[in-house]
Structure formats: C-alpha cells, structure tokens
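See structure below.
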C-alpha cells in the first residue's frame, strides 16, 4: 500500500485518481488544490509520494516540488501534467521530481510509476525526455567525464530499468550501482537520477532512442 498526496486544481481529476488508487489498494492521505496547500500537506502528512500537477494557483507545481524537497526530503514527487513544455520539464527535474508523466498516460502506468517512485526509483517518460533531447542544443561531447561502467549504468536506466535491474543486467550489486551513481552526480553536477540521465543525453553520452531490446 502506497500513501499518496494528490496535488491538482481539478477536483474531478483528483476524485477519479483517488477512486482508482483506493481500488488498487493504496491510500490517498490528502488532496491539495494549490501548490501552497501541497507543500503544507506534504509537510504535515508525510506521504510516500506526491502526484503533482504543474499548473496550479497560488504556487505552481515546480516551486511546490522544490519546497517539498527542501522541507520534507523523504517525500518523493511524481509529476503528472497535461503539458509537455520543455522548459517546465527541465525545471521540474531540477526542482527534484522523480518522475514526469503526461495526463494521457493510462492509470496502470501512473500507478506503476508511483510505486517505483515510492521504492526510490526514478522514472522517465520517453516522449517527454525525447522532446527535451530534440530541443536541446548540441553541446560538447562528455564521454570523458564518465567511466565506461558509469555510462553503462546510465544507459540501462535510460532504457527503462530500475537500479536493481541495471545491477542484474550488468552483473554488479545494487550497492555498486548506487556508488557509481553518487560519482555520476558529482561529475555531472546533478541533483537527481533523472537530472543526471538528461544531462548525459544532452552531452551525447547516452541515447534515449535506442531501438534494440534490452534484456533485464
């Protein structure tokens, strides 16, 4: 069972999500209709995951994400938005969001994402990440920044693997994966796994559009 806080200014959407999550056996511990309310409820209720819209009154979802990460660092945030604005995507990731999904996503995928985020994973939406890649200006290649193993780990995660799956795929322990990720964060000046992956994409270190299947 996952404890979830819903943050969206559309009451009907919150009601639908609440019913769907509760039918799946999860607990919606609260609902917020503004970013300011989301910060206050996250601090008071300490949910595992906040499902956050970006366009809300008083305080938008990006600033609310930043505030929650500062004031309640144990709370994870998954963005669910109807917009695919590139700048907002980057800003949400930089603010500390662990997942970014569009509202066209099926509920089963939303719930799977929330579950993975609650377990400490980071989830990328390929469509939104691909849009960021398309819009990014060419930057100096950064292969020399990371070791071959670190590149393999980031590529596995960009391919959709969890950190545990990446470890199994590469024949290393999850602890070793996390040790490499800590080094990657320092080298890329990244604040989160999502931020690191997207930075590596912009630097041309990894590819989000690989066609070959990856065994996990």
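Tabulated data for the structure shown
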{"item": "Which listed residue, of 59, 1, is over 19 Å from residue 113 (Cα atoms) and not in a helix (DSSP H, G or I)", "result": "59"}
{"item": "Residues of the stretch 64-89 that turn out to be under 23 Å from residue 41 (Cα atoms), in contact with a helix residue (DSSP H, G or I) (Cβ under 6 Å, 6 or more places away or on another chain) and assigned to a helix (DSSP H, G or I), as a count", "result": "6"}
{"item": "In the stretch 194-213, residue modelled with the highest pLDDT [restricted to those that are surrounded by 16 or more Cβ atoms within 10 Å (Cβ to Cβ) and in a loop (DSSP other than H, G, I, E, B)]", "result": "206"}
{"item": "Scope the stretch 55-84; condition free of Cβ contacts under 8 Å to residues at least 40 places away in the same chain and more than 21 Å from residue 33 (Cβ to Cβ); matching residues", "result": "70, 73, 74"}
{"item": "Subset tally (residues that are over 19 Å from residue 106 (Cβ atoms) and more than 21 Å from the chain's Cα centre (by Cα)) for the stretch 11-29", "result": "1"}
{"item": "Unmet criterion (only one of (1) part of a helix (DSSP H, G or I); (2) within 22 Å of residue 119 (Cβ to Cβ); (3) touching a helix residue (DSSP H, G or I) at 6+ places or on another chain (Cβ under 9 Å); (4) at pLDDT 95 or above) for residue 92", "result": "(4)"}
{"item": "Any chance residue 41 is at pLDDT 95 or above and surrounded by fewer than 19 Cβ atoms within 10 Å (Cβ to Cβ)", "result": "no"}
{"item": "The listed residue being touching a strand residue (DSSP E or B) at 6+ places or on another chain (Cβ under 8 Å) and either modelled with pLDDT of 90 or more or not assigned by TED's automatic domain parsing to the domain that holds residue 97 (or both), out of 216, 177, 117", "result": "117"}
{"item": "Flag if residue 191 is at pLDDT 85 or above and closer than 24 Å to residue 89 by Cα", "result": "no"}
{"item": "Sole exception among (1) in contact with a helix residue (DSSP H, G or I) (Cβ under 7 Å, 6 or more places away or on another chain); (2) surrounded by 15 or more Cβ atoms within 10 Å (Cβ to Cβ); (3) closer than 15 Å to residue 120 by Cβ for residue 174, by number", "result": "(2)"}
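Conditions (1) within 19 Å of residue 70 (Cα to Cα); (2) part of a helix (DSSP H, G or I), marked per residue:
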position	(1), (2)
21	no, yes
25	no, no
29	no, no
39	yes, yes
54	yes, no
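The values are calculated or read from the model by the stated rules, or taken from the named source; none is laboratory data. For clarity, every value in this text was computed on a predicted model and none was experimentally measured. Positions of Cβ are generated from backbone atoms using ideal geometry, with glycine treated the same way; all protein chains shown enter the neighbour counts.
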